[in-house]
Amino acid sequence: MGALYRLSCALDALNLAVGRLVTGLALVMVLVQFLVVVLRYVYGLGFIWLQESVLYMHAVIFMVGAGYTLLMDGHVRVDIFYREASRRRKALIDLLGTVFFLFPFCILVLYVSWPYVANAWAVHEGSKETSGIPGIYLLKTSILIFAGLLIVQGVSKGARALLTLLGLDTAFGPRREHHA
């Protein structure tokens, strides 16, 4: 069971690192958007590639940051039963939710989006605008990364829930709290 705990910690560390990178990207996105507005309304200049870069960053923040959000327990949930539940009941809800909802959803996203992303890569799909970013295929790849990082975090969440259900969650020390 120590291996399960170490696996969970390693998976958490991956999404924590990704989350920190994505968090930094949010500041860059705000600054670029500010630049777009200043260039447009003060100097009368517009750059399509710069405007598209904001869209790309926005997509990456939300798609790639989803696993980090799950790690931080930041996803919206219906808290009717969960809030007042015991630690073991929460672990059971987490395990069942991960196995029966999160994993099937992620597998469906991977299954449906794979051809879509593969086609974009096959032609190196770019912006429809002449001066746009020639990397739509990279943007579409964030869909696969989204599902993959959610699966990674789901495995960690499921492992921790299983350790709690087996009464071993405290055997490896207190759960690390993650801070961005």
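Every number in this text was worked out from the coordinates using simple rules, so none of it is lab data. What you see is a predicted model, and the numbers here were worked out from it, not measured in a lab. For neighbour counting, all protein chains shown are included, and Cβ atoms are generated from backbone atoms with ideal geometry for every residue, glycine included.
General remarks:
- The charge dipole of the chain, taken about its Cα centre with unit charges on the Cβ atoms of Lys, Arg (+1), Asp and Glu (-1) only, comes to about 460 debye.
- In the chain, helical runs assigned H by DSSP with n ≥ 4 each contribute -39500 (n - 2.57); averaged across all residues and rounded to the nearest 500, the mean residue ellipticity at 222 nm is -24000 deg cm²/dmol.
- Amide H to amide H distances under 5 Å link Ser127 with Ile133, Gly135, Ile136, where only residues 5 or more positions off or on other chains count and H is placed in the peptide plane.
- Bridgeable lysines around Lys140 (alpha carbons under 28 Å apart, same-chain partners fewer than 8 residues away excluded): Lys128, Lys157.
- When the charge dipole of the chain is built from unit charges on Cβ atoms (+1 for Lys and Arg, -1 for Asp and Glu) and taken about the Cα centre, the candidate among Val54, Gly148, Leu166 whose Cα reaches farthest toward its positive end is Leu166.
- The value for segment 1-134 of Rg(Cα) / (2.2 N^0.38 Å) is 1.42.
- Cross-link reach is defined here as a Cα-Cα straight distance under 15 Å, omitting same-chain residues fewer than 8 places apart; for Lys90 the aspartates and glutamates meeting it are Asp73, Asp79, Asp169.
- Lys/Arg +1, Asp/Glu -1 at C-beta; segment 43-159 dipole; positive extreme among Ile93, Ala66, Phe105: Ile93
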